[in-house]
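Here's the structure we're looking at; comments come further down.
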Amino acid sequence: GAVVSQHPSRVICKSGTSVKIECRSLDFQATTMFWYRQFPKQSLMLMATSNEGSKATYEQGVEKDKFLINHASLTLSTLTVTSAHPEDSSFYICSAGLGRNEQFFGPGTRLTVL
Amino acid sequence: AQSVTQPDIHITVSEGASLELRCNYSYGATPYLFWYVQSPGQGLQLLLKYFSGDTLVQGIKGFEAEFKRSQSSFNLRKPSVHWSDAAEYFCAVGAGNTDKLIFGTGTRLQVFP
């Protein structure tokens, strides 16, 4: 089946630093990848849609200069949280699109900003 | 606009009992519908999906769901729940011409021995 990996699974950083999260589709090519944020005991909130070779499309209210997304190849998208602050602490999940709205999800990255 | 409603925030069942998780959607055309399961601290795993055809869909782990257009529903069922089924369940609908998914708020399933 379609496998999506994320790295790192957990990261702790100091306030003001930047953190990069990688999302890879391991056994298929994904033209579109998605980045979600999930707060405890809540549903997934779509942050942005990442298209290979073009700029990401951000959802309303998501700061594109804070959450930098790069989709350099058909198997890799990265999310960089710039100048992270404690309020950015969250669970970040990526997914890779397979067409017809079908998405396969990575295992998630727990970000803690001190 | 598309939307998904999962009326039950939290459900508790005994192991071996049957299960039905409710999902209602709002969408103008024939929707693409999905059920995902999430264990604590993990990503989402696809249980099953409906695109077209047979309205009763079989998924992994013994789950099934039935698409009922007249009720705008896509309820998830399992005849006999196992303790390992305790998790968060999300229903989702495909958002029109984009590849986006619209998620419900989720239902937390607790299973007692």
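The values are calculated or read from the model by the stated rules, or taken from the named source; none is laboratory data. All figures in this text were calculated on a predicted structure; none of them were measured in a lab. Using ideal geometry, Cβ is built from the backbone for each residue, glycine included, and neighbour counts are taken over all protein chains shown. These accessible areas exclude ligands, DNA and RNA; they are computed on the full protein's heavy atoms, side chains included. Shrake-Rupley method; radii C 1.70, N 1.55, O 1.52, S 1.80 Å.
What to note about this one:
- Positions within the stretch A:35-52 being out of contact with any strand residue (DSSP E or B) (no Cβ under 7 Å at 6 or more places or on another chain) and more than 9 Å from chain B (Cβ to nearest Cβ), in sequence order: A:P40
- Among the strands (runs of 3 or more DSSP E) confined to the stretch A:1-49, the ones with at least 3 residues that are under 13 Å from A:G106 (Cβ atoms) and open to solvent by less than 10 Å² (accessible area, probe 1.4 Å) are located at A:19-25, A:32-38.
- Checked against the criterion of being closer than 25 Å to B:A87 by Cβ and touching an Asp or Glu at 6+ places or on another chain (Cβ under 9 Å), the stretch A:50-73 contains not a single residue that satisfies it.
- Selection count, the stretch B:1-43, where residues are of a type in the set (A, V, I, L, M, F, W, C), surrounded by fewer than 17 Cβ atoms within 10 Å (Cβ to Cβ) and modelled with pLDDT of 90 or more: 3
- Cβ-Cβ distances below 7 Å connect no pair with a first residue in the stretch A:52-63 that is under 14 Å from B:D99 (Cα atoms) and of a type in the set (A, V, I, L, M), a second residue that is in a loop (DSSP other than H, G, I, E, B) and open to solvent by less than 60 Å² (accessible area, probe 1.4 Å), and a separation of six or more residues or different chains.
- Scanning the stretch A:62-82 finds no residues that are of a type in the set (S, T, N, Q), within 11 Å of chain B (Cβ to nearest Cβ) and farther than 15 Å from A:S5 by Cβ.
- Close pairs from the stretch A:26-37: first touching a residue at least 60 places away in the same chain (Cβ under 8 Å), partner acidic (D, E), Cβ under 7 Å, at least 6 apart: A:T31/A:E52; A:T32/B:D99
- Residues in the stretch A:88-109 that are at pLDDT below 95, over 13 Å from the mean Cα position of the chain (by Cα) and more than 8 Å from every other protein chain (Cβ to nearest Cβ): A:L98 only.
- Pair list, Cβ < 7 Å and 6+ apart or interchain, from the stretch A:69-89 residues that are within 11 Å of A:K20 (Cβ to Cβ) to residues that are in a helix (DSSP H, G or I): A:V81/A:D88
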